Number of protein chains: 2
Amino acid sequence: MPATIRDVAKYANVGVGTVSRVLNNNPSVSDETRLKVLAAIKDLDYHPNPIARQLSTGRTLTIGVILPYLTMPSYVERLRGVQRALAGTEYDLILFSVESPAQRDAFFEDISRSPRADGILIISLPPEDQQARRLANSQVPVVLVDAYHPELCSVLIDDIQGGRMITEYLIQLGHQKIAFLGDYLETPFHPSMRYRFQGYQEALQEAGITYSPEYLAEGTNERSTARRLAKQLLSLENPPTAIFAGCDTQAIGVLDAAREMGIRVPEALSVIGYDGIRDAEYLNLTTVEQHLFDSGVEGVQLLLEALDQTIPEPRKKYIPIELVVRGTTAPPLA
Amino acid sequence: MPATIRDVAKYANVGVGTVSRVLNNNPSVSDETRLKVLAAIKDLDYHPNPIARQLSTGRTLTIGVILPYLTMPSYVERLRGVQRALAGTEYDLILFSVESPAQRDAFFEDISRSPRADGILIISLPPEDQQARRLANSQVPVVLVDAYHPELCSVLIDDIQGGRMITEYLIQLGHQKIAFLGDYLETPFHPSMRYRFQGYQEALQEAGITYSPEYLAEGTNERSTARRLAKQLLSLENPPTAIFAGCDTQAIGVLDAAREMGIRVPEALSVIGYDGIRDAEYLNLTTVEQHLFDSGVEGVQLLLEALDQTIPEPRKKYIPIELVVRGTTAPPLA
DNA sequence: CTGAAAGCGCTAACAA
DNA sequence: TTGTTAGCGCTTTCAG
């Protein structure tokens with residue numbers, strides 16, 4: 001049975017209030033009694049019960065992080081940023097991993113009301129309007145990372161600009177036949193893929209290149225799916241000379257396809273990814289670096305500010321992106 | 001101000017005890033009052049306060065996970081297993097990320113006594129004797145994953161056997177000049193590298209091959225360091241025909257070195273890693289698969305059992321390893 | 001089957 | 001500067 005504050009008080013011949021004051025570094029304790037109490041704490045190997053403290057103060061000293069199941073490297077990288085930013089603070093991190101839309105909804109429902117955490121960080125899970133309203137009206141501040149809703153604070157990446165950036169770069173290299181291979185655009189789950197595609201279309205249009213629907217390949221976010229889709233693209237009568245993959249994992253699938261079909265990269269085919277995961281570096285893949293780590297750090301920053309202030313007006317913060325040119329892109333064969 | 005159990009009781013014209021019983025599915029409540037209470041709960045949008053419940057019951061419904069900062073993919077993979085195994089249970093996961101030995105010690109100290117969590121999972125952080133004793137004597141059950149101490153439950157991998165397995169395989173392919181490139185062996189932090197090296201030495205000895213110290217390269221666990229060390233090994237007067245890298249990341253550095261030096265893999269050099277991270281698959285790297293995910297799952301399993309039983313006798317569970325032969329190993333050139 | 005009341009371990013307001 | 005006491009919101013006896 002661990003010692004309680006009462007045990008310490010009795011042992012030191014003081015009241016529990018005094019012990020509490022010592023615990024919380026309240027200056028109005030004489031040095032003498034302070035020492036007495038500290039000695040008692042040591043003798044009894046006393047450690048305050050955080051749960052009791054939480055109930056009493058109303059603060060949990062905990063930040064809840066809700067994110068999709070850790071399969072994608074990009075989630076991990078963001079989480080790492082969160083972790084790091086939290087390390088210097090007094091807050092612990094409690095992790096809620098979402099494995100299905102139903103579970104996501106359940107978390108959103110629950111968390112907004114029960115004071116399990118003093119603040120909530122939601123990563124890569126855009127809430128629906130009604131959920132966002134609940135979250136906004138709840139007692140705990142909420143910050144979205146890699147997701148957006150007008151009523152909430154968010155840290156995000158301009159995916160439209162990213163899509164443009166990639167496409168413009170390819171056009172500038174001389175490519176005209178540029179395919180887009182990404183997730184299903186229609187999924188309501190996360191719109192970033194749609195935005196990247198939008199940027200792609202805008203850049204094409206501005207360059208006077210007609211968008212060709214046969215250059216759009218949609219599929220699940222898996223290497224093998226991407227490989228299959230890339231093979232289809234490359235088997236077209238008039239195949240693309242460059243493929244813009246919606247994420248690095250898909251770009252890797254494209255590289256697989258090219259290798260298997262004997263198509264040389266970057267000579268005969270330019271491939272470009274999106275994300276900047278570690279694998280991209282290993283594979284010398286040209287990509288758009290998203291600074292995922294920083295997005296986690298910034299998310300925490302925003303949350304901590306919201307915890308301080310009483311006015312959590314919805315703020316937006318953009319993380320800049322950056323084109324990283326590596327070895328999988330080159331001018332077309334002419 | 002969120003509604004409390006008292007509000008609900010008042011609203012439904014019952015005692016708080018009854019509301020509590022409804023909340024906890026206590027059968028001794030008449031259907032009539034139950035419905036009345038449920039209606040009140042709904043009307044007031046009441047959600048029980050988990051903190052108060054925790055203080056009252058003494059259970060936090062939380063599992064604490066202590067692990068090194070999430071830089072290495074292997075930690076993430078193990079965490080993912082933990083996550084998954086916990087998903088079906090009533091437990092949440094609170095994450096303590098260790099960024100320094102001092103912080104590790106602090107966590108070990110603190111956590112063993114304060115009931116922040118009902119159980120603790122420690123990943124890849126072997127405790128010292130004194131710490132282990134404290135942990136073993138504390139109220140909360142503790143399970144080590146990828147770490148061992150006689151006084152505690154643990155889930156581990158037989159690294160000696162892994163080192164042997166790799167070395168025997170290379171010998172069987174016909175290699176005689178086998179180098180070992182790994183972390184500094186003398187670090188007291190985590191001994192797995194030492195064990196792998198030990199397996200390597202044992203296998204050499206059993207095959208009658210004399211161990212040559214110049215075939216040992218030690219360095220930090222980074223791709224670039226490994227590349228540098230590999231270059232040194234390959235520049236020896238009598239260079240190895242095979243390199244056993246202590247982990248996949250280091251193996252990737254070795255591949256870098258070979259590429260830069262124009263040494264063909266696997267024809268002129270066999271390279272083998274350890275871990276089975278995703279990158280290994282991308283790069284077609286022969287490696288020892290550790291089933292990292294499973295180690296997390298098993299750790300949770302052990303912990304949940306310990307939470308049920310009152311007798312937490314220290315148990316050990318080995319996760320089998322598996323040699324995955326891919327494209328970076330072949331017989332030597334003869 | 002149900003209400004009242006006593007804690008869980010701590011903080012903080014109030015007296016002294 | 002200190003001790004006492006009233007909660008924090010819930011669970012769980014104990015009567016009834």
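The values are calculated or read from the model by the stated rules, or taken from the named source; none is laboratory data. All values derive from a computational prediction rather than experimental measurement. All Cβ positions, even for glycine, are placed from backbone atoms using ideal geometry, and neighbour counts span all protein chains on display. Surface areas here come from the heavy atoms of the whole protein model, side chains and all, with no ligands, DNA or RNA. Shrake-Rupley method; radii C 1.70, N 1.55, O 1.52, S 1.80 Å.
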**Complete:** Within chain A, the percent of DSSP beta bridges that are antiparallel, given to the nearest 5, stands at 10
**Message:** Under 5 Å between amide hydrogens, which residues at least 5 positions from B:Asp92 or on another chain qualify, with H placed 1.01 Å from N in the peptide plane?
**Reply:** B:Thr62, B:Ile63
**Request:** Specify the angular offset, from 0 to 90 degrees and rounded to the nearest 10, of the alpha carbon long axis of helix B:101-111 from the longest principal axis of the alpha carbons in chain B.
**Result:** 30
**Request:** Quote the Stokes-Einstein diffusion coefficient, in whole µm² s⁻¹, for chain B, based on the Kirkwood radius over alpha carbon pairs, a temperature of 20 °C and a viscosity of 1.002 mPa s.
**Result:** 95
**Asked** By the scheme Lys and Arg +1, Asp and Glu -1, what is the net charge of all other residues having a beta-carbon under 13 Å from that of A:Ala230?
**Response** +1
**Item:** Projected area averaged over orientations for region B:1-111, convex hull of C-alpha atoms, nm²
**Value:** 9.7
**Message:** Between region B:260-334 and region B:144-166, how far is it from one alpha carbon centroid to the other, in angstrom?
**Reply:** 12
**Complete:** Projected onto their principal axes, the Cα atoms of region B:159-290 stretch, largest extent first, over whole-Å spans of 33, 30, 25
**Asked** On a 0 to 90 degree scale, rounded to 10, what angle separates helix B:159-173 from the longest Cα axis of chain B?
**Response** 30
**Message:** Defining the label point at 7 Å along Cα→Cβ, can you sort the distances from A:Glu322 to the same site in each other copy, shortest first, in nm?
**Reply:** 3.9
**Item:** Relative contact order computed over region B:121-171 (Cα-Cα under 8 Å; 6+ residues apart), in percent
**Value:** 30
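Assuming a ≥ b ≥ c are the square roots of the Cα gyration tensor eigenvalues, decide whether region B:25-68 counts as rounded (a/c under 1.5), prolate (otherwise, with a/b larger than b/c) or oblate.
Judged from the Cα gyration tensor, region B:25-68 comes out prolate (a/c at least 1.5, a/b above b/c).
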**Request:** May I have the convex hull volume per residue, in Å³, for the Cα set of the protein assembly as shown?
**Result:** 190
**Request:** Output the pairs from A:Lys42/B:Lys316; A:Lys10/A:Lys36; B:Lys10/B:Lys42; A:Lys10/A:Lys42 with a Cα-Cα distance over 23 Å in this structure; if there are none, say none.
**Result:** A:Lys42/B:Lys316
**Gained length - B:Gln301 relative to B:Leu61, 0.36 nm times residue gap less alpha-carbon distance** = 84.9 nm
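Run lengths n ≥ 4 of DSSP H only: what is the helix-derived mean residue ellipticity at 222 nm for the protein assembly as shown, with -39500 (n - 2.57) per run over all residues, to the nearest 500? Don't jump to the answer; show the numbers that get you there.
Numbers: 26 runs with 301 residues, N = 668.
Result for the protein assembly as shown: -14000 deg cm²/dmol, rounded to the nearest 500.
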**Complete:** In units of 2.2 N^0.38 Å, the Cα radius of gyration of region B:65-213 is 1.23
**Asked** What's the angle, to the nearest 10 degrees (0 to 90), between helix A:73-87's Cα axis and the longest principal axis of chain A?
**Response** 30
**Item:** Partners for A:Lys317 among aspartates and glutamates (Cα-Cα distance below 12 Å; same-chain residues under 8 apart left out)
**Value:** A:Asp146, A:Asp158, A:Asp294, A:Glu298
**Asked** Total accessible area buried between chains B and A, 1.4 Å probe, in Å² to the nearest 100?
**Response** 4300
**Message:** Take A:Gln232 and A:Glu214, extend 7 Å from each Cα along the Cα→Cβ direction, and tell me the distance between the two endpoints in nm.
**Reply:** 1.4
**Item:** Å² per residue, accessible surface of region B:124-218 at 1.4 Å
**Value:** 44
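Can you tell me how region B:188-265 classifies by the Cα gyration tensor, rounded, prolate or oblate, using a/c under 1.5 as the rounded cut?
oblate
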**Request:** Between copies, how far apart are the B:Tyr69 label points? List them in nm, one decimal, shortest first, with each point 7 Å from Cα toward Cβ, please?
**Result:** 3.0
**Asked** Considering only DSSP beta bridges with both partners in the protein assembly as shown, what is the antiparallel share in %, to the nearest 5?
**Response** 10
**Request:** List the distances, in nm and shortest first, from the label point of B:Pro101 to the matching label points in every other copy, placing each point 7 Å from Cα along the Cα-to-Cβ direction.
**Result:** 5.1
